[in-house]
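Here's the structure we're looking at; comments come further down.
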Amino acid sequence: EKSFRRSHSSSNFSVLSSTPLTRSNSSTNLVEEWNDIEGEVAIGSNQTFVPVHILRSIDWKNYKTATRKLLVSLFPRAILASRSLTGRPSPAFHDRNKPVKEKLDQNIINDIIQIITRKCGVHESQVRTAITTKCADENKMMRNREGKSKNDDERSFKTPSDMNLSNIVDNKENILGN
């Protein structure tokens, strides 16, 4: 059985098989392209391998969802949330003292760009924008999860004596209609 593994230090895949890179210019024979292949397939010139079952499950008519699916299959969500496409500071935050995020593995990114532009017929800039958006979305979801768990912890330790009693009385009056 062919398999792949991610190196935890750099989020790269180690190649454990020599499955040939398959090519097709038509998005209509995508299923046929990987029909008789099992294991994983290299998706670009940098030999990033992706399990065939993931490639088969991708909707190649939508480059944004295809890009996002490949990203989450190749990078842990925590890496997507904590890194950026280029590693450069955002011009939106140039006046703030915000730390610059490390860039995603460029070999994997370039392979994602290669397969998406080839299969979906879009420009590289569109794929790069989808990658940037996915990283920002994952970062926001991670912050929301952290904030929610922090708020849940704080709420679970509150006792009735900690609550503002005037708010409780006001709410009771509103409910009863007094």
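The values are calculated or read from the model by the stated rules, or taken from the named source; none is laboratory data. The model shown is predicted, which means the values in this text are computed figures rather than measured ones. Cβ: placed from backbone, ideal geometry, glycine included. Neighbour counts: every protein chain shown. Accessible surface is based on the protein model in full, side chains and every heavy atom, while ligands, DNA and RNA are left aside. Shrake-Rupley method; radii C 1.70, N 1.55, O 1.52, S 1.80 Å.
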Exercise. Do we have Ser82 as open to solvent by less than 60 Å² (accessible area, probe 1.4 Å), touching a helix residue (DSSP H, G or I) at 6+ places or on another chain (Cβ under 8 Å) and among the polar types (S, T, N, Q) here?
Worked result: yes
Exercise. Can Lys69 be described as modelled with pLDDT of 95 or more and open to solvent by 50 Å² or more (accessible area, probe 1.4 Å)?
Worked result: yes
Problem set entry | Complete set of residues in region 85-100 that are open to solvent by 90 Å² or more (accessible area, probe 1.4 Å) and within 19 Å of Met142 (Cα to Cα) | Lys98, Pro99
For this session: Six or more apart or on different chains, Cβ under 8 Å: which pairs go from a residue in region 118-144 that's small (Gly, Ala, Ser) to one that's open to solvent by 30 Å² or more (accessible area, probe 1.4 Å)? Could you list them?
Result: Gly121/Ser27; Ala130/Tyr63; Ala130/Lys64; Ala130/Arg68
